Amino acid sequence: MFPVDRWSLAERYAASLADDGVVRGLIGPREVPRLWDRHLLNCAVMADALPSTPHTLADIGSGAGLPGIVLAICRPDVQVTLIEPLLRRVTYLEEIASELGLDNVEVVRARAEEVHGRRTFDVVTSRAVAALGKLLGWSMPLVRRDGELIAMKGSRARDEVASSARALRRWTTERVRVEELGGGVVDPPTTVVRVVRTK
């Protein structure tokens, strides 16, 4: 969750999403009343799932910065790279990172596959980007060996894991985990799929 000394950053980010985020078409106006529960806290509970030591993280298809900006606020010890292809979203991400003084954020305008072979990260995250089978092809080449994909998923996460068995075998020999995070904090809890890259 948000550290006490960084709560004001979360509030400023929420205010920006409710204003600029709506004006620029990054979130819908109907999302504003549920901004905290459905978006900010829903992403913030992921911070506890990250490794405890400083590391690098890429958030692909960052959009308005969910979960990447949220994780950068929660974990200032983590270097967060936001990978987003659309210019208007990239512009917003650069502006909000600067306004909040998030010196642990880098914004890269690209599709995930354009970064393949150039960079790898300890953790790769995403939220509502694609079905797991397709997401693996975009994400796993960015995950360093022994690093991890932590993808935010919905109630069909286990079904997606089952239907992606062949694609998963290409990248890992370990059991793929589906976890619920933030029980008692967010309702429903945040569901993530965790894949350690061993191949």
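Data overview
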quantity: Any hit, segment 153-171, residues being among the small types (Gly, Ala, Ser), surrounded by 19 or more Cβ atoms within 10 Å (Cβ to Cβ) and at positive phi; calculated: no
quantity: Given (1) aliphatic (A, V, I, L, M); (2) within 21 Å of ILE69 (Cα to Cα); (3) out of contact with any Lys or Arg (no Cβ under 7 Å at 6 or more places or on another chain), number of the condition VAL161 does not satisfy; calculated: (2)
quantity: Selection count, segment 7-42, where residues are touching a residue at least 12 places away in the same chain (Cβ under 8 Å) and among the polar types (S, T, N, Q); calculated: 2
quantity: Subset of segment 23-34 [under 13 Å from ALA64 (Cα atoms) and more than 20 Å from the chain's Cα centre (by Cα)]; calculated: VAL23, ARG24
quantity: Residues (surrounded by 18 or more Cβ atoms within 10 Å (Cβ to Cβ) and of a type in the set (Ser, Thr, Tyr)) located in segment 172-199; calculated: THR172, THR190, THR191
quantity: Condition check for ALA18: small (Gly, Ala, Ser), closer than 23 Å to ASP77 by Cα, at pLDDT 95 or above and not in a loop (DSSP other than H, G, I, E, B); calculated: no
quantity: Residue list for segment 36-61, filter: among the hydrophobic types (A, V, I, L, M, F, W, C) and either part of a helix (DSSP H, G or I) or in contact with a Phe, Trp or Tyr (Cβ under 9 Å, 6 or more places away or on another chain) (or both); calculated: TRP36, LEU40, LEU41, CYS43, ALA44, VAL45, MET46, ALA47, ALA49, LEU57, ALA58, ILE60
quantity: Residue satisfying condition, being without any contact (Cβ under 8 Å) to a residue 40 or more places away in the chain, farther than 21 Å from THR191 by Cβ and loosely packed, with under 13 Cβ neighbours inside 10 Å, within set LEU82, LEU87; calculated: LEU87
quantity: Single residue of segment 94-139 satisfying the filter (in contact with a strand residue (DSSP E or B) (Cβ under 6 Å, 6 or more places away or on another chain) and among the acidic types (Asp, Glu)) that is surrounded by the most Cβ atoms within 10 Å (Cβ to Cβ); calculated: ASP122
quantity: So LEU142, is it more than 17 Å from the chain's Cα centre (by Cα) and crowded, with 19+ Cβ neighbours inside 10 Å; calculated: no
quantity: Selection within segment 114-164 - among the hydrophobic types (A, V, I, L, M, F, W, C) and within 18 Å of HIS55 (Cβ to Cβ); calculated: VAL115, PHE121, VAL123, VAL124, MET140, LEU142, VAL143, LEU149, ILE150, ALA151
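The values are calculated or read from the model by the stated rules, or taken from the named source; none is laboratory data. As the structure is a prediction and not an experimental result, all values here were calculated from the model. Using ideal geometry, Cβ is built from the backbone for each residue, glycine included, and neighbour counts are taken over all protein chains shown.
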